[in-house]
Amino acid sequence: MQQALSGSRVVDFGTALAGPLVGALLADMGAEVIKIESKTRLDGFRMGRPIIGQDTAGGDEGKWPDLMPGFHAVNRNKLSVTVDMKTPDGVRLVKALIKKSDVVTNNYAPGVLGRLGLDYPSLAKENPRLVMASMPAAGLTGPLRDMVSYASVVAAASGLMSMIGYEDGEMVGQVQGPWGDVVASLTVTMGIVAALRHRHVTGRGQFIEIAQIEAQTTMLGEALMDYQMNKRVRGPQGNYDPNMAPHNVYRCAGDDRWVAVEVATEEQWKALCKVIGDPDWAKDPRFQTLRSRGENRKELDQRISDWTSSRSPEEVTELLQAVGVAAMTVMNVEDHFTNPHFQHRGFGVEVEQPMVGVEWLPGFPWRMSKTPGQVQRHAPLLGEHNEYVWCSIVGLSKEEYERLVQAEVVK
Amino acid sequence: MGPAFQGIRVLEICSMVPGPFCSRILADLGAEVVKIEPPQVGDESRYAGPFPGDQEDASSSFLFHYLNVNKLGITLEVAQPEGRAVLGELLQKADVLVIDFPPRDLKKANLDLQQIARDHASLIIASITPFGLTGPHADYNAYYLNTYHSGPDGYLNPSGRLANKLYPDREPLRAGGYYGEYQAGAVAAVSVVAAIYSRNFSGKGALLDISKQEALMSLDPGDIVQYANGSGMRTRFGRIALYLGGLTECRDGFWVLQLHFDRQWEALKKCMENPQWAQDPRFDTVEGRHQHRGDLERLIEEWARSHTKQDIYHRLQQAEVSAVPVLTPTEVLADEQLKSREFFMDGAMPSVGRVPVASLPFRPPFSHSPAARQAPSLGQHNGRIYQAWLGYPESKIKSLEASGVI
């Protein structure tokens, strides 16, 4: 089936999460994405170690680079080649591949590709239609361009981390989820597609750079304007929202089970009161307006918790949604698999992977009516497509290919 | 070179964060974005604040202004028949419709997205809803806590050393600001730019069904794929970070360390001037450091307490150790790095004056502009759009205004 990016070829130097997610989104949309790998410096996501000490035990038997589900999730639909870029022949091969490609993407630190002669000006001389993207943490310019960073570092530097915490406490210091990576990946992906469109109109490729910290900061715009104009540091706000009350996550029956409830209008407040049996406390003048409920939120939250704590989050969700009140189970991963909504939407996909058998992978972030993104191919085994890429795309003869394998340039 | 999306016309029927952020991105990329708001009332974010001096004023919400710079604004009552007819005419002239009505509201407004897609074969429709257009939760009412906490991370936020120590029994927290909502908007923008690109070749539009919950899940699949493929479930108490360090106190605040590899540990030891405790053989291997992480993190923190965050930052970064101070938004605004990259555009707001507006993070060449067009006041461009797009004479615009359609 014709997909949005069918016919485009992408050379993907990404490692870990931020880089590979760009290639995964492009591949989901139909691009032929070739992941450049090396057997001596594996993508960390292929490894049980050193990142997760405990997970290495059962993984080995000499095939562990091909066993990690986290790797498979963000490298679905791609091809893999292995090449030693420390050799001139290796660099020559990669250059030849880029000459026949539309896009190069990477999440290396500034300067890494340049030292290999793979900087944009050199590549564009050979291929002026090339679109290339880089995503260093702090950008390619400025005093911190060489900053070493991972997701939590990006969250600290963007301002996001300082906003997470309980109202009556300090910040809690860990942003759950690698959002720095993910937001950067989304931004780079849209930049690449926008540049492809620009190329379609003008005939010329271009180089795109995004700083991961800036990508995250764009999602805090109103807070930054507030701090700038009102000259204050608010600190963590918990789950408080000045425009809704009740507005919190409430304990339910069961082991660490919770429900999120948000009330925006008086109509919803009245409906909620009715569901909980119009108790006397709810008639207190302090709970009659949004403002006064917000001011008295500590007591309000306690009252709501008293009601939710003897019920399952699913029951609370059902009772409140039936009368138009926004409520939803706080879902752990188990909930995602038992929830009827997910079953109905068919969010996940099962993919046959040669080393591990049938494997569940998450689906695509949007449904496209006419050119659906699809998981059509399992994440590649390390170097699985060497022969196809180097012979059929780059055009090496069988003999030359064998020579480069012998010389461990392709390895 | 002109901006990438010059000549693309976008209609936005959305409130609050995700839809408006999606079309703000398209506007920054050069598209002509027309925001359609309900007459008299407008987008909810006009009332959400934060406001200058905390004075509630629908003309000066920072949230509204941030999300709606570079757009044109019109009013239209899309739910009533006359307004619906006007919308049909606008859709004839548009390339993209971004809409955030859940199925229940679409029905109430007599808007059938499938039908609109059939009537306008080259139109790209991006629907952004909490749980998608289909399935048993499609009509659930949900605001941002509901969607964030039903995604991959809400339950687990916060977790980690400090959170577990200080708040063992407290409720899961949101991600800060409207974070998950912004992300859903960015996902929608990626899907729209891809559809616009694809249309160059196919000539066909698309109906994009974006579930905010799924958008979050597909982007952070780590725990979900582990669980689905037999690695068991992580609770927020069992969960510790995959790296060593995390939020750490120092003399004047907090900083974050993210330590993975031997070479980083060796470099960190040197930065701390090789204290006696760091020679402990328990800390010599990755496994050993993980096993004794409690001791190790406490000892690193003890060292950090006698240093400032700027000192730690520069010293560790020089040695290629991943460390950074936790910046408040005030410090972000003053940050030399962002300043040197002209990250903030010059924006203006009525009754406020000049304000810094975060730009899209693309660096050259498309989109970056030193100044932002002021976000529209309610119905500000009614005359211009109804005349230029639809050719309505002034008398017709006046009568639509009088009957409350616009």
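What nm value, rounded to one decimal, do you get for the distance between B:E401 and A:Q2 when each label is placed 7 Å out toward the C-beta?
4.6
Largest first and in whole Å, what are the equivalent-ellipsoid semi-axes of region B:244-326 based on the Cα gyration tensor, each being the root of 5 times an eigenvalue?
Equivalent-ellipsoid dimensions as semi-axes: 19, 13, 12 Å.
For region B:159-300, take every pair of Cα atoms, bin their distances at 5 Å starting from 0, and report each bin as a whole percent.
2, 7, 12, 14, 14, 13, 11, 10, 7, 5, 3, 2, 1, 0
Please state the relative contact order of region A:247-335 as a whole percent: Cα pairs under 8 Å, 6+ residues apart?
Computed over region A:247-335, the figure is 43 percent.
Cross-link candidates for B:K71: which lysines have Cα within less than 20 Å, leaving aside residues fewer than 8 places away along the same chain?
The qualifying lysines are B:K35, B:K93.
Give me the one-decimal nm value for the distance between modelled label points at A:D146 and A:E266, 7 Å along each residue's Cα-to-Cβ direction.
The modelled label-to-label distance comes out at 6.3 nm.
How far, in nm, would the chain grow between A:E295 and A:S392 when pulled straight, counting 0.36 nm per residue and subtracting the alpha carbon separation?
Gain on extension, A:E295 to A:S392, equals 28.1 nm.
Which FRET efficiency value, to the nearest 0.05, do you get for B:S340 and B:Q279 by plugging their Cβ-Cβ distance into 1/(1 + (r/R0)^6) with R0 = 56 Å?
0.90
Quick one: compute the contact order of chain B, relative version, from alpha carbon pairs under 8 angstrom and 6+ residues apart, as a percent.
20
Semi-axes of chain B's equivalent ellipsoid from the Cα gyration tensor, sqrt of 5 times each eigenvalue, largest first, rounded to whole Å?
They are 47, 24, 19 Å, listed largest first.
Chain A: D in µm²/s via Stokes-Einstein (Kirkwood Rh, Cα pairs, 37 °C, 0.692 mPa s)?
Result for D is 134 µm²/s.
Along the positive direction of the dipole of region B:1-150 (beta-carbon charges: Lys, Arg +1; Asp, Glu -1; about the Cα centre), which of B:G88, B:N141, B:G19 reaches farthest?
Ranked along the dipole, the leading option is B:G88.
Under a 5 Å amide H to amide H cut-off, with H placed in plane at 1.01 Å, what residues pair with B:R373 once short-range neighbours are removed?
Here B:N70 satisfy the definition.
For chain B, what does the helix formula give at 222 nm: sum of -39500 (n - 2.57) over DSSP H segments with n ≥ 4, over the residue count, nearest 500 deg cm²/dmol?
My calculation for chain B gives -11000 deg cm²/dmol from helical runs alone.
Which shape class, rounded, prolate or oblate, goes with the protein assembly as shown when its Cα gyration tensor gives a ≥ b ≥ c as root eigenvalues, a/c under 1.5 marks rounded, and past that a/b bigger than b/c marks prolate?
Oblate, because a/c is 1.5 or more while a/b does not exceed b/c.
For A:K283, which lysines qualify as cross-link partners when the Cα separation must be under 23 Å and same-chain residues fewer than eight apart are set aside?
Filter leaves A:K270, A:K274, A:K298.
Collect residues whose amide H, placed 1.01 Å from N in the peptide plane, falls under 5 Å from the amide H of B:F254; neighbours closer than 5 in sequence don't count.
Excluding prolines and chain starts, which carry no amide H, the hits are B:V326.
Dipole size in debye (nearest 20) for the protein assembly as shown around its Cα centre, Lys and Arg Cβ +1, Asp and Glu Cβ -1?
1820
Every number here is computed from the coordinates shown, using simple stated rules; none is lab data. For clarity, every value in this text was computed on a predicted model and none was experimentally measured. As a convention, Cβ positions derive from the backbone with ideal geometry for all residues, glycine included, and neighbour counts pool all protein chains shown.
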